[in-house]
Amino acid sequence: MARFPLLLLLLAMATGACAPAARDRIPVPVPPTRTETAPDEQAGARLDARTAAHNFIVVVDRMEPVVEAECRRQQPRRDCDFLIAVDDRPGQPANAFQTLDAEGRPVLAFTLALIADARNQDEIAFIMGHEAGHHILGHLPRAQQQAAAGAMILGTLATLSGADAEGIKQAEGMGASMGARTYSKNYELQADELGTVLAYRAGFDPARGAQFFRRIPDPGDRFLGSHPPNSERQRVVMTTLRKLQTGQLR
């Protein structure tokens, strides 16, 4: 379980590079709280550092047990002891990601810029649920397998066509990129769906959390793009939320 003393997180946010950059799961649900509301939040203004840090700590406390319980339910043989960390490296843009540490422990990392840019607890909870969803659903190893397959296929074709070592290397890189992106949009939508469930179970409002999509560039529906259009992602959130609210999904 990760814990973030408020003072330490405040100091990190004060000294780190926090300017936002455009980028691009079973407890019973409890009523969403609004203890984090700042006077100008409804207007979409950024929160002060103390409120932003407090929001992150509250979300970690409420989301972590929900995330780990769902992980154990779906993947009983997988490591579900999540480490939720703050990436305080200078100059990092607003971003969150999931990875594994050297021992194979799942890590959910948030940059200081993202914590500072989130307007409320619901946004942080939704993003945290989304990243946890990638791990629970096994997206990282699948993407790695698809990248390896793509590299092998294009590398072999380049070899058969008589390409030199550099040409083969470039073909393998292109194949890996294409392979990793083949199902990436579906993975993002699947993670949005499970992230909605996780945030809802922890007592947050996924619809409010998904408003985050309104502030980031829309990738559109590009061929082999890594992310689906923001409008499609919001539809997935709202459809999943309606199923939760009507008892069709638990």
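Just so you know, all these numbers are worked out from the coordinates, no wet-lab data involved. In this text, all values refer to a predicted model and were calculated from it rather than measured experimentally. Cβ atoms come from the backbone with ideal geometry, glycine included; neighbour counts cover every protein chain shown.
About the Cα centre, and with charges only on the beta carbon of Lys, Arg (+1) and Asp, Glu (-1), how big is the dipole of the stretch 49-246? Nearest 20 debye, please.
Dipole about the Cα centre, nearest 20: 560 debye.
For the stretch 49-246, list log₁₀ I(q)/I(0) at each q in 0.15 Å⁻¹, using the Debye formula over Cα point scatterers of equal strength and ignoring solvent, two decimals each.
-0.94
When ARG201, ARG77 are ordered from fewest to most other Cβ atoms inside 10 Å of their Cβ, what list results?
In increasing order of surrounding Cβ atoms, one gets ARG77, ARG201.
Arrange the peptides 47-57, 203-213 so that the one whose residues have, on average, the most other Cβ atoms within 10 Å appears first.
In decreasing order of mean packing, 47-57, 203-213 become 203-213, 47-57.
Over the Cα atoms of the stretch 112-189, what is the Rg over Rh ratio if Rh follows Kirkwood?
With Rh from the inverse mean 1/r over Cα pairs, Rg/Rh is 1.22.
Provide the net charge surrounding THR239, with neighbours chosen by a C-beta distance below 12 Å and charges set as Lys +1, Arg +1, Asp -1, Glu -1.
In short, +1.
So, by mean Cβ neighbours within 10 angstrom, what's the order for 80-87, 133-140 with the highest one leading?
133-140, 80-87
Just name one of TYR200, LEU140, ILE216: the one whose Cα is farthest towards the positive end of the charge dipole of the stretch 49-246 (beta-carbon charges, Lys/Arg +1, Asp/Glu -1).
Farthest towards the positive pole: TYR200.
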